[in-house]
Amino acid sequence: MRANLFAALIGMLCVAGCGGGGSNLGGGGGGGGTPTGSNVQAIVVDSGPAKIASSNAPAINTAFTTVTICAPGSTSNCQTIDHIQVDTGSSGLRILSEVLTITLPVQKDTTGNVIAECVGFVDGSSWGPIRQADVKIGGETALTQEVQIIGDTSYAVPSSCKGAGATATDPNLEETVVAFGANGILGVAPYVSDCGPACLQQNNGTYYTCATTTTCAVSAMAENLQVSNPVAAFTTDNNGVIIQLPSVATSGTAAVNGSLIFGIGTQSNNMLGSATVFNLGSGGYLTTKYKLGTLTTSFIDTGSNAWYFPDSSIPGCSTNKGFYCPTGGDASLQATLVNPVNNATKLVNFSVTNADSLFQGSKSVIGATSGLAGDSSQFATSGSSSINGSNVFDYGLPFHYGKSVFVVIEGKNSSAGMGPYFAF
Amino acid sequence: MKSASSNAKRVWGCLVAGVLVSQVACLPAFATLGEDATTVENDRIKLKAQVRTTAIAGYTVHEVQSPTGTTVREFVNDSGKVFAVAWTGPLLPDFEQTLGKYFPEYIANASSPHVGRRHLAIQGTDLVVHSNGHMRAFYGSAYVPSLLPPNFSVQDIQ
């Protein structure tokens, strides 16, 4: 089943990463054991909510957590939702309308029009209005947040909102749990607002305002009205998060448990310690030195479910196209992450396993594997030209296994200076 | 990767050096994949974009930067057809506009069930796409194999 699933993926998503020992969690917050405190929320890497786990495309290397949302100011009109994807590559909370059982008020702009969003991810866009909710995660609360309700049909999809991610019911968008891959997504990127300054421009293709339920038009949107990282709005522990996961073998396992820890250097369980800081350079990227190349559009991202990088020396899979299938055992590799601001470096060792072998046959469901890796660029050849134009090295979720990865938000301070930065 | 990097430097080195560079909102403009590059000034206007053009042996590169900060580079062959596009910036480009008649193929191939949200690879007979990144930081390219100039290295598409 998994092989079929992957064959259908047209090649995306991969990773491998074999971290060090499980007790070495890096930084100062490690030391083994499960952290506790009001600033800690459990995360799980598994096959996803039931609808997805039982589908022909179960989740793999996707971190989920549980979030409680309430109508603003209410302590009774609340809903707790599991399998919300934890994503350090986006900002803000989005919930699939399909799982929402409470009523939330819409967010309006200064002229009284309802705000909606056509949010674009690389592999799919999603439409839905912005509604207000108090967001509670672990012991932390962010009041009156802008939350996108994906697939909420209260406001008609404008014709200009198109993107990858077709479903039978909507040929252009990801509007269901199965199509989206989670019950929602919690964006805890090192930014506050999701779109940022780009959406201060009129033609942003992302934010819309709706004069009526059927007339939504693209619109500039102030950052304080954009869907935003709720962590930045916590009253305490609000300068970032730590993603902490145990080591995982390349051969994979059904599920692993970890922690989402709020705040950096605000409690005894979230100290930065000796972690190496990687400030984001222009365009939000880091730099990687891999083999002979320098990849200037590198990024760390829990929302990617594999390592993605270009390496024409590793055979691609025949079944799980887009993934790597090294022969003769796992390929042991190393990449050097470079801070583009101060040139600090850190070596990352990882192993890539044969994805076709991993998912072959009747092996039980694999929700997590450190050995999955894919090609960010390679498309065989065209005539006499090889095709390898990618500068991307994506440190996806497998990179996080066996580590504490710190994410510090823009404009927020820490013992290592202001965000935005990652550290590990 | 090394050669890709040096090729890119060559392309943009020419641009910076001002070889046949026309600055800002002059002649050629934004175009759509597979279409003529000569009839699309209206697209530039629609996008309120700025344009720089660089001529290289066998093809021309138009760099279009929209106010949002996303840059689209268009590669035009000697027949005047846009054979490749590449983008980088905080927002994805308008794919319907950028890919034109290839947009349905993009949609169709990008729509399979998937587990991740950061990478898209399409290798078709008529269209090749790779798209990476996350909110605020997107990077990718698309091209039409049959329109590539002779001996063109696709490593230059970035």
Q | Matching entry among A:Ser259, A:Ser274, A:Ser268, A:Ser304 (being of a type in the set (Ser, Thr, Tyr), crowded, with 20+ Cβ neighbours inside 10 Å, under 25 Å from A:Val408 (Cβ atoms) and modelled with pLDDT of 95 or more) | A | A:Ser259
Q.
So, A:Ser298, is that one crowded, with 24+ Cβ neighbours inside 10 Å and within 13 Å of A:Thr336 (Cβ to Cβ) or not?
A. yes
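Tell me the residue from A:Ala133, A:Ala71, A:Ala116 that is surrounded by fewer than 23 Cβ atoms within 10 Å (Cβ to Cβ), in contact (Cβ under 8 Å) with a residue 60 or more places away in the chain and either on the phi > 0 side of the Ramachandran plot or among the small types (Gly, Ala, Ser) (or both), please.
Details: A:Ala133 fails: surrounded by fewer than 23 Cβ atoms within 10 Å (Cβ to Cβ); A:Ala116 fails: surrounded by fewer than 23 Cβ atoms within 10 Å (Cβ to Cβ).
The match here is A:Ala71.
So that you can scan it fast, the table gives a plain yes or no per residue for (1) modelled with pLDDT under 95; (2) in contact with a strand residue (DSSP E or B) (Cβ under 7 Å, 6 or more places away or on another chain):
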site	(1), (2)
A:Thr88	no, yes
A:Leu93	no, yes
A:Leu96	no, yes
A:Thr103	no, no
A:Thr141	no, yes
A:Ile149	no, yes
A:Ser160	yes, yes
A:Thr169	yes, no
Q) Among the listed residues A:Gly265, A:Gly273, which satisfies the condition of being out of contact with any Gly (no Cβ under 7 Å at 6 or more places or on another chain), in contact (Cβ under 8 Å) with a residue 40 or more places away in the chain, more than 10 Å from chain B (Cβ to nearest Cβ) and farther than 30 Å from A:Ala355 by Cα? A) A:Gly265
Q. Which residues, counting only those in the range A:13-64, are in a loop (DSSP other than H, G, I, E, B), under 20 Å from A:Gly303 (Cβ atoms) and modelled with pLDDT of 50 or more?
A. A:Asp46, A:Ser47, A:Gly48, A:Pro49, A:Ser55, A:Ala57, A:Pro58, A:Ala59, A:Ile60, A:Asn61, A:Thr62
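Just to verify a result, which residue in the range A:56-65, among those that are among the polar types (S, T, N, Q) and buried (at least 18 other Cβ atoms within 10 Å of the Cβ), is farthest from the other protein chains (Cβ to nearest Cβ)?
Step by step, filter the range A:56-65, then rank; the result is A:Thr65.
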Q) Considering only residues of the range A:276-318 that are at the interface with chain B (Cβ under 8 Å from one of its Cβ atoms) and part of a helix (DSSP H, G or I), which is nearest to the chain's Cα centre (by Cα)? A) A:Gly284
**Q.** Unique residue being within 13 Å of another protein chain (Cβ to nearest Cβ) and touching a Cys at 6+ places or on another chain (Cβ under 9 Å) when the list is A:Cys118, A:Cys70, A:Cys78
**A.** A:Cys118
Q: Using the structure shown, decide if A:Pro326 is more than 13 Å from chain B (Cβ to nearest Cβ) and touching a residue at least 24 places away in the same chain (Cβ under 8 Å).
A: yes
Q: Identify, from the list B:Lys101, B:Lys81, the residue that is surrounded by fewer than 23 Cβ atoms within 10 Å (Cβ to Cβ), within 14 Å of the chain's Cα centre (by Cα) and in contact (Cβ under 8 Å) with a residue 40 or more places away in the chain.
A: B:Lys81
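Report the residue count in the range B:122-154 for those that are out of contact with any strand residue (DSSP E or B) (no Cβ under 6 Å at 6 or more places or on another chain), at pLDDT below 85 and not in a strand (DSSP E or B).
5
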Q.
Let me confirm something: among A:Ile185, A:Ile243, which residue is part of a strand (DSSP E or B), more than 14 Å from every other protein chain (Cβ to nearest Cβ) and surrounded by 18 or more Cβ atoms within 10 Å (Cβ to Cβ)?
A. A:Ile243
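Yes/no matrix, rows are residues, columns are (1) at pLDDT 85 or above; (2) of a type in the set (D, E, K, R):
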| site | (1), (2) |
| --- | --- |
| B:Ala86 | yes, no |
| B:Asp94 | yes, yes |
| B:Tyr102 | yes, no |
| B:Ala110 | no, no |
| B:His114 | no, no |
| B:Leu120 | no, no |
Q. Just for the range A:193-240: of the residues that are more than 12 Å from chain B (Cβ to nearest Cβ), assigned to a strand (DSSP E or B) and not hydroxyl-bearing (Ser, Thr, Tyr), which one is surrounded by the most Cβ atoms within 10 Å (Cβ to Cβ)?
A. A:Gly240
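The values are calculated or read from the model by the stated rules, or taken from the named source; none is laboratory data. The model shown is predicted, which means the values in this text are computed figures rather than measured ones. Cβ coordinates were reconstructed from backbone atoms using ideal geometry, including for glycine residues, and neighbour counts include every protein chain displayed.
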